[in-house]
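Report on the structure given below.
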Amino acid sequence: MIYFFDENAGAETLKIKGEMYKYLVKVRRHIEDDMLSVRSKEQIETLHSYKVVQVAPRFLELELMNSEEVIVKSKRELHVAWCVIDSKSVEKVLASLCEIGVSRISFIGCDRSQKNFKQDFKRYERIVEASMQQSGRTSIMAFDSYKNIASFIEEFPDTKVFDFTEKVLSESSDFKRVLIGCEGGFSPSEKELLSSQEVFRLDSPMVLRSESAVMAVASKILL
């Protein structure tokens, strides 16, 4: 863990209780005089350095040593437009997408998306927050949703599309927004709608699952 969130970060002293206390003491084995990094969600770019001054049976007491602005984020930004798939599949790769540096994910109701899948943004945010604390990232990933591809493309006409095509994504590619389909890909009507967009594929003979495609494309662009 690079840092952890506390709503009182920045106060002269902190008392850490509950699950975070158990993690820091039972799992990480922190002792007196150890230094810990703490941030608040409201002022996330400020890193507060605390010294452990007391390890009590039920709490840690920390004393503030220093506060400074320390920003950790990807050099590039990538907005992923992702046709809705099973939320369990999303959750499997969400922490990794956070660590890679994806800035925003828009979930889109596509023709071949199963209609019973609902996106739990609160749960996604908890997964992302845990990932941020482990990776050190200080920019919060945004989530939103769109009814269909047409409404998304209307708002973001610069969107690139990952699909079956002859054009292979080059090593030097640099773009800010990509659309990735669900299982089964895009329907004929969606392909027609996207015919004016720039379409690419990865240099692989294998057919990727939707979540694998998101990981692969994000890694290619951001890392």
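The values are calculated or read from the model by the stated rules, or taken from the named source; none is laboratory data. Because the structure is predicted, anything quoted here is derived from the model rather than measured. Glycine also receives a Cβ, built like all others from the backbone with ideal geometry; neighbour counts cover every protein chain displayed.
Which numbered condition in (1) modelled with pLDDT of 95 or more; (2) crowded, with 17+ Cβ neighbours inside 10 Å is the only one that residue 169 fails?
Among (1) modelled with pLDDT of 95 or more; (2) crowded, with 17+ Cβ neighbours inside 10 Å, the lone unmet condition for residue 169 is (1).
Quick grid of which residues meet (1) in a strand (DSSP E or B); (2) modelled with pLDDT under 95:
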position: 161; (1), (2): yes, no
position: 164; (1), (2): no, yes
position: 173; (1), (2): no, yes
position: 179; (1), (2): yes, no
position: 191; (1), (2): no, no
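Determine which single condition residue 157 fails, assuming it passes every other condition in (1) assigned to a loop (DSSP other than H, G, I, E, B); (2) surrounded by 14 or more Cβ atoms within 10 Å (Cβ to Cβ).
Going through the list (1) assigned to a loop (DSSP other than H, G, I, E, B); (2) surrounded by 14 or more Cβ atoms within 10 Å (Cβ to Cβ), residue 157 breaks only (2).
Would you mention how many residues in segment 152-179 are within 21 Å of residue 104 (Cα to Cα), β-branched (Val, Ile, Thr) and in contact with a Lys or Arg (Cβ under 6 Å, 6 or more places away or on another chain)?
2
Checking the structure you have, find out if any residue of segment 15-28 is among the β-branched types (Val, Ile, Thr) and within 30 Å of residue 113 (Cβ to Cβ). Steps first, please.
Narrowing segment 15-28 to residues among the β-branched types (Val, Ile, Thr): 16, 25, 27.
Next cut, within 30 Å of residue 113 (Cβ to Cβ) only: none.
No, because not a single residue in segment 15-28 is among the β-branched types (Val, Ile, Thr) and within 30 Å of residue 113 (Cβ to Cβ).
Step by step: first the residues of segment 114-124, then only those that are surrounded by fewer than 19 Cβ atoms within 10 Å (Cβ to Cβ) and in contact (Cβ under 8 Å) with a residue 12 or more places away in the chain, then the one that is farthest from residue 84 (Cα to Cα). Which residue is that?
Keep residues of segment 114-124 that are surrounded by fewer than 19 Cβ atoms within 10 Å (Cβ to Cβ), which gives 114-123.
Adding the requirement that they be in contact (Cβ under 8 Å) with a residue 12 or more places away in the chain leaves 114, 117-121, 123.
Details: 114: 7, 117: 7, 118: 8, 119: 8, 120: 12, 121: 13, 123: 16 Å.
Only one residue fits best here, namely 123.
This table checks each residue for (1) exposed (fewer than 13 other Cβ atoms within 10 Å of the Cβ); (2) over 26 Å from residue 19 (Cβ atoms).
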residue	(1), (2)
61	no, no
77	no, yes
89	no, yes
112	no, yes
127	no, no
133	no, no
137	no, no
164	yes, yes
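Are there any strands (runs of 3 or more DSSP E) wholly within segment 1-111 with 1 or more residues that are more than 30 Å from residue 161 (Cα to Cα) and of a type in the set (Lys, Arg), and if so which? Working first, answer last.
Numbers: elements: 13-16, 35-39, 46-55, 60-69, 79-83, 104-108.
The strands (runs of 3 or more DSSP E) meeting that bar are 13-16, 35-39, 46-55.
Run down 170, 139 and say which single residue is without any contact (Cβ under 8 Å) to a residue 60 or more places away in the chain, of a type in the set (Ser, Thr, Tyr) and out of contact with any Asp or Glu (no Cβ under 6 Å at 6 or more places or on another chain).
170
If you scan segment 1-22, which residues turn out to be under 19 Å from residue 134 (Cα atoms) and either touching a residue at least 12 places away in the same chain (Cβ under 8 Å) or under 22 Å from the mean Cα position of the chain (by Cα) (or both)?
Answer for segment 1-22, where residues must be under 19 Å from residue 134 (Cα atoms) and either touching a residue at least 12 places away in the same chain (Cβ under 8 Å) or under 22 Å from the mean Cα position of the chain (by Cα) (or both): 1, 2, 3, 4, 5, 6, 7, 9, 16, 20, 21.
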